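Since every read-out is calculated from the coordinates, none of them should be taken as a lab result. Keep in mind that this is a model prediction, so the values were computed, not measured. Neighbour counts run over all protein chains shown; Cβ positions are idealised from the backbone, glycine included.
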Amino acid sequence: MQFFPFPTQRLLSCFSAAVFLATLSASAQNVPSPKPDTRPWMNRSLSPDRRADLVMKEMTLDEKMNFVHGTGWNGLRADAEIPKGSLGGAGYVQGVPRLGIPGINQADSAVGIRLAAQGGHYATLLPSVLGAACSWDKDALFLFGSVLGRELRDMGYNMSIGGGVDLARDPRNGRNFEYAGEDPVLAGTMVGELASGVQSNQVMGDIKHYALNDQETGRTIVNVKIDQRAARESDLLAFQIAIGMAHPAGVMCSYNKDTITPPGGTDWSCENDYLLNQVLKKDFDFKGFVVSDWGGTHSTVHAALAGLDQEQPGSQYFGDPLKQAVQGGQVPMSRLDDAVHRVLRSMFATGVIDNPPVTQVPDPFRGRDDAEHIADESIVLLKNADHALPLNSASVESIALIGSHADVGVLSGGGSAQVDAPGGNVASVHPHPGGAYWMETVYFPSSPLKEIRKHAPNAKIEFDPGTDPTAAAKLAGSSQLAIVFVNQPMSEGRDAKTIALPDHQDALVDAVAAANSHTIVVLENGGPVSMPWADRVQGIIEAWYPGIGGAQSLANILFGDVNPSGRLAISFAKSDDQLPHPEVPGISLIGAPGAGRRRPEELPPFDYDATEGVRVGYKWFESEHKDPLFPFGFGLSYTSYEYSGLKASQHEVSFTVRNSGSRAGTEVVQVYAVLPASTGESTFKRLVAWDRVALAAGESKTVTLTLDPLYLSIFDVSKDAFTLAPGDYTILAGSSSTDTPLSATVHIE
């Protein structure tokens, strides 16, 4: 059993609780089984839709109203009343006990279960979603969701409100660590797997924030302007893929306004007829319910008719005002019934009625092991000059470990994705009991220093906090090797003003690299950062927010126990000037961090003109002839790979990949397409397929990948549909968006 950084007293409490629950379970075996529920809607052989219809026939108007709004802020505000049945999570929807319909307990769960500490629970901190997306591993993302789902069940919750799939239009977005990168096909697939993993535990899943909520700055007032084709081929395509894969119970609409032209008009996302009724419910055939982001509802009649099904967290608009609108005929009863039906059929479809959660103690060891496995595949090796890595424990004599509290823990992301650290924040300047404060920078007890010492027990390894570059450089100069940890704390509610590292950390790296030519930099960040020192260090490791098993994964990669296989799900620019918007739109209006959470009337509204359109990330760099610092899809390995023999048709591609190095590894093979000139999108490539291929040293494999016609298509506004344009398509295969050595032409009539 590997070391698990978990306070002994609390761990014993968990085991005691587990024994108690096991005893209760054994005792319960002697209790006669309850009589089966013979009410017609409890017949599991019927479809979820039929069961929802049957139970609705028995409901009063007031009982129906229960399902279209929440009960308040629950555990999110200190003065909030927590109603009976609520677990004190992010939201609660009252059920109908007389009909056997439970309430809905909703929990924030982007990278772990939030607010666990207030219930005396432990929750596993997983790597950031952006990091996990860099695995390009569908199984790893399903596992990610499975961890969330099983721990939600263990705590008694029956709905996750994680599942972010907003594209990284701006690398400075404070919530990029919750999302899956810049490409709609990769992001949609990864989040689709994640949501499927959640729902495999008979917990309702959610996908958010619908739509175009691609920055935190002024998120409650910004109006995102984009043309219809670009929206459908970028952000909305990511949602389309994820929803089509996972069939989630819920889709959460976002805070911002949207202007999508044509069809024209400006409206809040949570009352946008085009987004909700026409695209989500009609085109995507979404059967679940639309839930507002917390405080994202702005009206009663307009929102209900536009397709919003559930207001959260309270009942300001969808409580008595909606009831009166239904009784007065402004909102048809059929619209209320549709909203309630969508909630109930989702509850039946996911199993939360037939198999409700049974509260028990989460397994911290299983969670830690799963988190470490995902981190193993998430960490990206960005530079390895002179084969400085992996380190040889037998020859390492001394290491200077510098910065980012690497002596005690690893960084996590903030906001509603913040998981409570077991035992508290190990790097807190002001320690306090209980859970994390809003926007507090929290480090988890996974110590890189301890794990590196385990791998090099005979080496002299000293830590310097990195607060004084001169002192850090002095330690580095007297050591054989220097490893500098740098960080970028990110959180919901604020964006970074720049991609530059905060707190003068570039100067720290410069000082250390000047003192020791054998310097490795480890990044703990929520999104891409600039690296003016990149040419002056030997190695760069992108660890993201690596989760509770992060220190173990990092040490295993540093010393070669794990061969890195992560590939970037997001491009790294050299500077802000390379971005479509050199300054975050609206940031000069917002001012102080977190101001974007104020009510809309308190700030001047502004537009975010998405002039980059469909050209998000690597598509922007290529079309503008800009060379990024590190491109989308990039990542190094401790071995090397060669590609040959590409064959391509409209429906599939095949080629051979060979491990030309001396050790086993896993290559992420990537297939891109350049569309015909007639589409107007021939100046950049787009990702259309990929796979992870495990290869022994010297081994070759033939890879065959199916090409989904949707991924080759453009959105034809005149037909309101995706279509394949006739012409010549260039099919490319290789190891990143800028390294595609194989090419073939496919003609489509």
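Assorted remarks:
- For segment 620-718, the Cα gyration tensor yields ellipsoid semi-axes of 29, 18, 10 Å (square root of five times each eigenvalue, largest first, whole Å).
- Under a 5 Å amide H cut-off, with hydrogens placed 1.01 Å from N, Gly162 pairs with Ser109, Asp206 among residues at least 5 apart or on other chains.
- For segment 162-312, the calculated P(r), taken from all Cα-Cα distances in 10 Å bins from zero up to the bin holding the longest distance, is 13, 46, 36, 5, 0 percent.
- For q = 0.10, 0.12, 0.14, 0.16 Å⁻¹, Debye-computed log10 I/I(0) when each Cα of segment 372-576 counts as one equal scatterer: -0.38, -0.56, -0.78, -1.05
- Zone of Lys460's modelled label, taken as backbone nitrogen in segment 475-503 under 19 Å from a point 7 Å along Cα→Cβ: 475-484
- A quarter of the convex hull surface defined by the alpha-carbon atoms of segment 332-420 gives 12.3 nm² as the mean projection.
- Virtual spin-label span in nm between Arg658 and Lys626, 7 Å along Cα→Cβ: 3.9 nm
- Prolate/oblate/rounded call for segment 407-507, Cα gyration tensor, a/c under 1.5 rounded: oblate
- For segment 372-576, the number of Lys pairs separated by eight or more positions or lying on different chains, with C-alpha atoms closer than 28 Å, is 11.
- Degrees, to the nearest 10: 235-246 long Cα axis against longest axis of the chain: 70 degrees
- Computed log10 I(q)/I(0) for segment 78-131 at 0.14, 0.28 Å⁻¹: -0.48, -1.11, from the Debye equation with unit scatterers placed on every C-alpha and solvent omitted.
- Cα gyration tensor, segment 487-578 - rounded (a/c under 1.5), prolate or oblate: oblate
- Shown for Ile260, Ile714: other C-beta atoms within 10 Å of each C-beta, ranked fewest to most, produce the order Ile714, Ile260.
- Using a cutoff of 8 angstrom between alpha carbon atoms and counting only pairs six or more residues apart, the relative contact order for the chain works out to 14 percent.
- Here each label is just a point 7 Å from Cα along the line to Cβ, and for Ala80 and Asn392 those points are 5.7 nm apart.
- Relative to the current alpha-carbon distance between Asp468 and Ala696, full extension at 0.36 nm per residue lengthens the span by 77.6 nm.
- Footprinting exposure proxy for Phe630, Phe722 (fewest neighbouring C-beta atoms within 10 Å first): Phe722, Phe630
- Cut-off under 5 Å, modelled amide H: who pairs with Tyr729 long-range: Val746, His747, Ile748
- Fewest-first sequence of Trp690, Trp544 by Cβ atoms within 10 Å of each Cβ: Trp690, Trp544
- Computed from the Kirkwood radius of its Cα pairs, the Stokes-Einstein diffusion coefficient for the chain at 37 °C and 0.692 mPa s stands at 123 µm²/s.
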